[in-house]
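Before any comments, here is the structure.
The values are calculated or read from the model by the stated rules, or taken from the named source; none is laboratory data. Predicted model only: the values in this text are computed from it and were never measured. Every residue, glycine as well, gets a Cβ built from its backbone with ideal geometry; the counts of neighbours run over all protein chains shown.
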Amino acid sequence: MQATSQALVAGGGIAGLSAAIVLAEQGFATTLIEQTPQFVEVGAGLQIGPNAWRCLRAWGLERDVLAISSLPHAMVAKNLHTGAVLGMLPLGLTAQQRYGAPYATVLRADLLHCLAQRARQTERLTLRMAGQVQAVESRADGQTVALRMVGADGVTQQLQGELLLIADGAGGRLRQQTALEAAQEPLSRSGYTAYRGIIRQSALPHCLRSQQVSAWLGKYLHAVTYPLRGNDWLNVVLIANDMALAHSTRRGSADIQAVLGSIERHGPLAKDLKDTILAVEAHGMNTLGYRWTEWPLRIRRPVPSPRALASGRMALLGDAAHPMVPFLAQGAAMAIEDAQQLGQCLQGLQADAPAQAIPAALAQWARLRAGRVAKVQKQALRNGRIFHAQGLVRHGRDAALRLMGAYLMDKPWLFAGGPVPKSEKA
């Protein structure tokens, strides 16, 4: 694809930056529009499974991402109330040997910075910061797409290209201006709220420091802790069932004591977990001026068909396309996979290719992605029900994890698959 072919990307998160880098590498003259003046992502951790890591490796980013990551040695499931270990999945070298890539954890802001740095170094890629995309449209000729934006200088501009990717997040409104299936479907409450905090491990007693991913499973609540930044920091996430909370939730600062009061009506928390939560409250890193953030989780139904991802010369990527609850820890990974798969579908196109070459490539991309992301969305929802199980279902879950925890916690279909599958030699 010669540089005369123009691609537009609306949104500069992980999905948008990843896609813009891949498009530029494929030869598109790519313009990315991001509404913030700088690439800034406030403190939250994320997990990068081997399926996403292999994509980052394909982009030549493995060394850079490794420098900002932690590589947990195991994933451990525990009882939320007693702290008893229910099951364990070895990671570390085991994951690398099994899937040809590590299982990593990273601060979202660090990954975003890594991608932004790569984007600035990529030829044919222009970054338009502090730009507000107001409208998108497919032109009547069927050969081009366009967007209207207000630049940092307040001037309204029209940009035109042969391809438009919308990556403006789960709450983005641009999807509503497309001809995609379910484009008008609103976000709905998932019934869960996340509480996020980060603390330097040096601020914790040695008995609370961790180099593993721990998932604490209980009634109405589960918690996840894992290391960040080469094990210097610890990410702590609580996800509560809204039915158990005595207050209405909204995005912003969190009253963690009120949350604990609501949850502990159904049973005390394991001492190590509660001590970690209280340590974040006392000594955690400030995010937007407070130590705990409250995020009601909103979703859409799993992707119903390829037509919900791409139409003509437009496509949705990342959370704009397939928001999901975090119970499989694959939101960022699916965005990275989206970008890699897109590059593969567009590879080799020439500027003088037939008029329908790009729409055909996007349609192929959507067919390849729809089933996989829908499966991940559905499995994440199922995990939420399992994590928060009660009564006999909870006892059955715990017994199964004790008997065959590693088998149940592993996901070969997920970690070995994707647009860069594990090779037989890896």
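Out of the residues in the stretch 128-151 that are among the aliphatic types (A, V, I, L, M) and exposed (fewer than 14 other Cβ atoms within 10 Å of the Cβ), state the one that is nearest to residue 39 (Cα to Cα). Result: 135.
Applying the selection to the stretch 182-195, what residues are farther than 30 Å from residue 236 by Cβ and either of a type in the set (A, V, I, L, M) or modelled with pLDDT of 95 or more (or both)?
182, 183 - these are the residues of the stretch 182-195 that are farther than 30 Å from residue 236 by Cβ and either of a type in the set (A, V, I, L, M) or modelled with pLDDT of 95 or more (or both).
Hey, does the stretch 394-410 have a residue that's in a loop (DSSP other than H, G, I, E, B), at pLDDT below 95 and either surrounded by fewer than 19 Cβ atoms within 10 Å (Cβ to Cβ) or charged (D, E, K, R) (or both)? Looking through the stretch 394-410, none of the residues is in a loop (DSSP other than H, G, I, E, B), at pLDDT below 95 and either surrounded by fewer than 19 Cβ atoms within 10 Å (Cβ to Cβ) or charged (D, E, K, R) (or both). If you go through the stretch 370-425 and keep only what is under 27 Å from residue 307 (Cβ atoms) and β-branched (Val, Ile, Thr), you end up with 373, 376, 420.
The residues in the stretch 215-240 that are closer than 20 Å to residue 396 by Cα and polar (S, T, N, Q) can be counted, and the count is 0. Take the stretch 317-344 and flag every residue that is touching a Leu at 6+ places or on another chain (Cβ under 6 Å) and among the aliphatic types (A, V, I, L, M). If the condition is that a residue be touching a Leu at 6+ places or on another chain (Cβ under 6 Å) and among the aliphatic types (A, V, I, L, M), then 317, 321, 325, 332 are the ones that fit. Quick check on my filter: what residues within the stretch 272-324 are polar (S, T, N, Q), within 30 Å of residue 165 (Cβ to Cβ) and surrounded by fewer than 19 Cβ atoms within 10 Å (Cβ to Cβ)? Once the filter is applied, which keeps residues that are polar (S, T, N, Q), within 30 Å of residue 165 (Cβ to Cβ) and surrounded by fewer than 19 Cβ atoms within 10 Å (Cβ to Cβ), the stretch 272-324 yields 287, 305.
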